[in-house]
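Student: To start, I am sharing the structure in question, which I have written as structure tokens.
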Amino acid sequence: MTKIYAEIIGTMILIFLGNGVVANVVLSKTKGHSSKSAEWIIIALGWALAVFMGIIVSAPYSGAHMNPCVTISFAIIGKFDWEMVPYYIVSQLIGAMLGSLLVWLLYKDHFLATENEQEKLSVFVTVPSIKNFFWNFLSEVLATFFFIFISLYLTKGTILLQGQKHPVGIGSLEALPASLVVLGIILSLGGATGAAINPVRDMGPRIIYSIIILICGKGKNNWDYAFIPVIGPIFGSVLAAMFYLFLSNNL
């Protein structure tokens, strides 16, 4: 039965992500539809590479969570200390704010030259293709569920030497699997909301942009939508961790 369950789950992931990317490209008003497809691929690749480089730098010291959903899910399955969760989340939020501030500084002249407020907002936060709180929330839950669930199965090889475990692998390329998971999730499941799959990825930049437009006196921040890319991913990550534990204990 374990083999049967594994085939069911594996094929479900295959079809959900496979058909999902087709839906993102061919259906109207998605992030990846028609003329926007090239832009969406560039964005997805850019985010995947960003994850890759972030992991390379932070993994040796912190484990490279970079996402409250990863931190919370690791704590749920017993691979991370709950006492450290608040510290990691605050650190991730600060990092997200600093990163978005650097984007604004680098592209400041281009922000000033851009008249479309929606496009400027999109640089900082996720914006749904069609605003519908229920379906937007469900989209974030599902995207994060599969992102976390798949990520929890990523493991690093080790060998036992003199009673201690030592990593064996391909150096910095150990970050590649996680980056590919992010790439696949964004391409296949990001068509509706942009797939935040990370609360601080949206909240940190939104705070910074709100400060910027407060100082400049022009712009919009869409705070009425802000709870979707925060609560949705957290809810999805909790479900993913619980499902992972269920499978681990029963299969």
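Student: Can you go through LYS108, LYS120 and tell me which one is of a type outside the set (S, T, N, Q), surrounded by 15 or more Cβ atoms within 10 Å (Cβ to Cβ) and more than 30 Å from MET242 (Cα to Cα)?
Tutor: Result of the check over LYS108, LYS120: LYS120.
Student: Which residue is nearest to ARG206 (Cα to Cα), if the candidates are limited to the range 84-102 and must be touching a residue at least 40 places away in the same chain (Cβ under 8 Å) and β-branched (Val, Ile, Thr)?
Tutor: Among those residues, the one meeting the criterion is ILE94.
Student: Restricting to the range 26-55, give me the number of residues that are surrounded by 17 or more Cβ atoms within 10 Å (Cβ to Cβ) and free of Cβ contacts under 8 Å to residues at least 24 places away in the same chain. Write out each step before concluding.
Tutor: Keep residues of the range 26-55 that are surrounded by 17 or more Cβ atoms within 10 Å (Cβ to Cβ), which gives 30-33, 36, 40, 43-44, 47-48, 51-52, 54-55.
The next check asks that each one be free of Cβ contacts under 8 Å to residues at least 24 places away in the same chain; those that pass are 36, 54.
Final tally of qualifying residues: 2.
Student: Further, regarding this structure: Looking only at the range 84-110, count every residue that is farther than 21 Å from ILE231 by Cα and assigned to a helix (DSSP H, G or I) and tell me the total. Don't jump to the end; show me each part of the working.
Tutor: First, pick out the residues of the range 84-110 that are farther than 21 Å from ILE231 by Cα: 98-99, 101-110.
The next check asks that each one be assigned to a helix (DSSP H, G or I); those that pass are 98-99, 101-106, 108-110.
Residues flagged as farther than 21 Å from ILE231 by Cα and assigned to a helix (DSSP H, G or I) within the range 84-110 amount to 11.
Student: In contact (Cβ under 8 Å) with a residue 60 or more places away in the chain, on the phi > 0 side of the Ramachandran plot and either buried (at least 17 other Cβ atoms within 10 Å of the Cβ) or more than 18 Å from the chain's Cα centre (by Cα) (or both): does that describe ALA59?
Tutor: On the way: in contact (Cβ under 8 Å) with a residue 60 or more places away in the chain: yes; on the phi > 0 side of the Ramachandran plot: no; either buried (at least 17 other Cβ atoms within 10 Å of the Cβ) or more than 18 Å from the chain's Cα centre (by Cα) (or both): yes.
Answer is no for this residue.
Student: Could you please tell me which pairs satisfy a Cβ distance under 8 Å, a separation of 6+ or placement on different chains, a first residue in the range 169-181 that is within 17 Å of CYS69 (Cα to Cα) and modelled with pLDDT of 70 or more, and a second residue that is among the β-branched types (Val, Ile, Thr) and crowded, with 17+ Cβ neighbours inside 10 Å?
Tutor: Hits for this filter: ALA178/VAL51; ALA178/ILE55; SER179/VAL51; SER179/ILE55; VAL181/ILE150.
Student: Let me ask something additional. Being part of a helix (DSSP H, G or I) and either exposed (fewer than 12 other Cβ atoms within 10 Å of the Cβ) or in contact with a Pro (Cβ under 6 Å, 6 or more places away or on another chain) (or both): is that true of GLY10 here? First the steps, then the outcome.
Tutor: Numbers: part of a helix (DSSP H, G or I): yes; either exposed (fewer than 12 other Cβ atoms within 10 Å of the Cβ) or in contact with a Pro (Cβ under 6 Å, 6 or more places away or on another chain) (or both): yes.
Considered against the rule, which asks whether it is part of a helix (DSSP H, G or I) and either exposed (fewer than 12 other Cβ atoms within 10 Å of the Cβ) or in contact with a Pro (Cβ under 6 Å, 6 or more places away or on another chain) (or both), GLY10 comes out as yes.
Student: Would you check if PHE80 is surrounded by 13 or more Cβ atoms within 10 Å (Cβ to Cβ) and in a helix (DSSP H, G or I)?
Tutor: On the way: surrounded by 13 or more Cβ atoms within 10 Å (Cβ to Cβ): yes; in a helix (DSSP H, G or I): no.
Taking the combined requirement at face value, the residue does not satisfy it.
Student: Continuing with the same structure: Is at least one residue of the range 214-228 modelled with pLDDT of 90 or more, surrounded by 17 or more Cβ atoms within 10 Å (Cβ to Cβ) and farther than 14 Å from PHE124 by Cβ? Write out each step before concluding.
Tutor: As a first pass, look at the range 214-228 and keep what is modelled with pLDDT of 90 or more: 223-228.
With the extra rule that they be surrounded by 17 or more Cβ atoms within 10 Å (Cβ to Cβ), the set shrinks to 225-226, 228.
This time we only want the ones that are farther than 14 Å from PHE124 by Cβ, so: 228.
Taking every residue of the range 214-228 in turn, at least one turns out to be modelled with pLDDT of 90 or more, surrounded by 17 or more Cβ atoms within 10 Å (Cβ to Cβ) and farther than 14 Å from PHE124 by Cβ.
Student: Restricting attention to the range 193-249, which residues are in contact with a Ser or Thr (Cβ under 8 Å, 6 or more places away or on another chain) and free of Cβ contacts under 8 Å to residues at least 40 places away in the same chain?
Tutor: Residue satisfying the conditions is TRP223 alone.
Student: So GLU115 clears everything in (1) part of a loop (DSSP other than H, G, I, E, B); (2) surrounded by 18 or more Cβ atoms within 10 Å (Cβ to Cβ) except one condition, right? Which one?
Tutor: Going through the list (1) part of a loop (DSSP other than H, G, I, E, B); (2) surrounded by 18 or more Cβ atoms within 10 Å (Cβ to Cβ), GLU115 breaks only (2).
The values are calculated or read from the model by the stated rules, or taken from the named source; none is laboratory data. The shown structure was predicted, so the numbers you read here are calculated from the model rather than taken from an experiment. Glycine also receives a Cβ, built like all others from the backbone with ideal geometry; neighbour counts cover every protein chain displayed.
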